[in-house]
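Presented below is the structure to which this report refers.
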Amino acid sequence: MTLAFTFYLALNAKSILNSALIGWAYGFGWTVFGVYWLFVSMHSYGKMPAWIAALAVLLLALYLGAFSALAMATGAWLRKRWSASYIVTGLLVLPSLWALSEWMRGWVFTGLPWVVSGYAHNASPLSGYAPVAGVYGVGFFAALISGCIALLPQARARSGIALCALAVAVLAAGYGFSRAEWTEASGNPISVRLLQGNVPQEMKFAREQIVATLSLYHDLITAEKADLIATPETAVPLFARQVPPDYLQRLSNFASSTGSHIALGIPVNDSAWEYSNSVIGIAPGIPAEPERFAYRYNKHHLVPFGEFIPTGFRWFVNLMRIPLGDFERGPALQAPFAVRDQWVLPNICYEDLFGEEIADQIAAGFYSGKGEATILLNMSNIAWFGDTIALPQHLQISQMRALETGRPMLRSTNTGVTAFIDSKGRIAAQLPYYSQATLTATVQGYKGATPYIRFGNSALIALALAALCAAGFIARRSLKRRSEF
């Protein structure tokens, strides 16, 4: 409803500037209330002065709000240039520009697609559009319904009925897509144990805590066998070369004696100055050594200011006490981890915001016929953000990735939300926040390519551009007819 109200205000704005300010105000407010928890990470854990942390959040919100402002301003400009009607603008122009602005927000300056509007609909009929056009496509159809609502106050009775019918048709089509089986079961189900260590963030990298953390995860891993045992991101807060000489070997011996596969979150340094945020795979029968692993995945999409330092901003990062702040990027395409007859594709924390990058990795295996990922695994540590809405937001994001790819998503986190999400994006099981526990599940892998895996965000871009072209055509034709009378 808030987007519908924004569209209503933009449609009735007196100038392009007013439309831009309306969009900016909406985007600013949306962002401030959606990512306020960044203040917690910067001030409570990073020890940045409170006023600087608060100012940083406000400036970020102003920047992200600019994308909404651009969408509303461009809509007003096109309406004026084309002499487009309210209906054409509300049903074709604004939904298209809204979706494109969210897509742009996902990649400009490496992107920050948190609190994208499509995530609000992963349990609604609109979720059916996710495997077709991704989260931005869901946002497009949500915006289309918002356009219908925004036009109702000024619509005549017959037009109002048509607008309601269109909104219902959009929902019905989404429900129909949700019933489609885009992927199919592959191989045999595997047993999975997802570990939630609940190590306090303020203690995670403290020297006096490291021995306890190593012991904790050793005990959690070896407590019981499973086909796949997964830890959170950087569960081991030391470089692989720094852990006690027998630590990895003991885990390797456990894997070999029980037939278990272990996905261990640990930073790996390839030289004195190069290190990556990694997942190493420990497999039965393959020795695990500090420089040789059965499997390794290096995080590719790094967090600005947290995992890499943008040019000119080292002074800002130096205001915080954040360890391991300048990682090397892993390759964009990386192979999944073989577990029995399943292929598990890891992504680390923030990476699961970027659906097209995950889809590209699945597509690479699908088209090559070698190692097509059948299960997704997110390993996170968002204890940086405290007990805030960041935790359920991130769970919601993982649900959308499952919907887009038609594959189950496993989540192993430090403080929450550790969960098993099925291939339809439904939460099958989860652990309570801020508890030390293990989630056990039996997971069936899926293979095949959804339209989103095949085409990524191209489908949404093509849809939005086609709608804009249609709007221009209709507006010009209407103008020509009016000029003939």
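A few notes on this one:
- Accessible area per residue for the chain, computed on protein heavy atoms with a 1.4 Å probe, is 42 Å².
- Helix 458-484 and the long axis of the chain differ in direction by around 10°, with both axes built from C-alpha atoms.
- Degrees between helix 50-82 axis and first principal axis of the chain (Cα, 0 to 90, nearest 10): 40 degrees
- Prolate/oblate/rounded call for segment 1-147, Cα gyration tensor, a/c under 1.5 rounded: oblate
- Averaging 1/r across all pairs of distinct Cα atoms in segment 347-419 and inverting the result yields a Kirkwood radius of 12.6 Å.
- A simple charge model with +1 on the Cβ of Lys and Arg, -1 on the Cβ of Asp and Glu and nothing else charged puts the dipole of segment 93-229 at about 540 debye relative to its Cα centre.
- Solvent-accessible area of segment 278-401 (1.4 angstrom probe, protein heavy atoms only): carbon and sulfur portion equals 56 percent.
- Accessible area in the full protein assembly, largest first, 1.4 Å probe, for Cys469, Cys148: Cys469, Cys148
- Ordering Tyr36, Met72, Ile322 by the projection of their Cα atoms onto the charge dipole of the chain, which places +1 on the Cβ of Lys and Arg and -1 on the Cβ of Asp and Glu, puts Met72 at the extreme positive end.
- Per atom type, segment 65-139 shows carbon and sulfur on 72% of its accessible surface, probed at 1.4 Å.
- Along each principal axis, taking the top coordinate minus the bottom one, the Cα set of the chain gives 88, 52, 35 Å in descending order.
- For segment 278-290, putting each phi into the Karplus relation 6.51 cos²θ - 1.76 cosθ + 1.60 with θ = phi - 60° gives couplings of 10, 10, 10, x, 10, 10, x, x, 10, x, 9, 10, x Hz, in residue order, rounded to whole numbers and with x for Gly and Pro.
- His121 accessible area, 1.4 Å probe, all protein chains in place, Å² to nearest 10: 50 Å²
- Solvent-accessible area of Arg454 with every protein chain in place, 1.4 Å probe, in Å² to the nearest 10: 110 Å²
- Charge dipole (Cα centre; +1 on Lys/Arg Cβ, -1 on Asp/Glu Cβ; no other charges) of the chain amounts to roughly 2020 debye.
- Spatial separation of Cα centroids for segment 179-214 and segment 63-109, in angstrom: 40 Å
- Using Cβ point charges alone (K and R +1, D and E -1), the dipole size of segment 350-413 about the Cα centre works out to roughly 200 debye.
- Summed residue charge, Cβ within 15 Å of Leu228's Cβ, Lys/Arg positive, Asp/Glu negative: +2
- Think of segment 197-242 as having a plus end and a minus end, set by charges on the Cβ of Lys, Arg, Asp and Glu; of Ala212, Pro232, Gln242, Gln242 sits farthest toward the positive end of this dipole.
- Summarising the amide proton neighbourhood of Phe337: residues at separation of 5 or more, or on other chains, whose placed amide H is nearer than 5 Å comprise Val344, Leu345.
- Within-11-Å neighbourhood charge of Glu274 [Cβ basis; K, R +1; D, E -1]: -2
- Greater than 32 Å apart at Cα, pairs in Lys299/Lys370; Lys47/Lys225; Lys204/Lys225; Lys47/Lys424: Lys47/Lys225; Lys47/Lys424
- Charge dipole of segment 108-236 about the Cα centre (unit charges at C-beta), most positive-ward option of Leu166, Asn122, Asn188: Leu166
- Residues in segment 94-110 carry Karplus couplings, in order, of 5, x, 5, 5, 4, 5, 5, 5, 5, 4, 4, 4, x, 9, 5, 6, 6 Hz; the curve used is 6.51 cos²θ - 1.76 cosθ + 1.60 with θ = phi - 60°, and Gly or Pro positions show x.
- Taking every DSSP bridge with both residues inside the chain, close to 65 percent are antiparallel.
- Acute angle (nearest 10 degrees) that the helix 157-178 long axis makes with the longest principal axis of the chain, alpha-carbon atoms: 20 degrees
- Compared with the direct C-alpha span, the chain from Ile389 to Leu58 gains 117.4 nm at full extension, assuming 0.36 nm per residue.
- Using a probe radius of 1.4 angstrom, the carbon and sulfur fraction of the accessible surface of segment 186-243 is 48%.
The values are calculated or read from the model by the stated rules, or taken from the named source; none is laboratory data. Please read these numbers as outputs of a predicted model, since none were measured by experiment. Quick reminder, even Gly has a Cβ in these numbers, built from the backbone with ideal geometry, and neighbours come from all protein chains shown. The accessibility values were calculated without ligands, DNA or RNA, using every heavy atom of the protein model including side chains. Shrake-Rupley method; radii C 1.70, N 1.55, O 1.52, S 1.80 Å.
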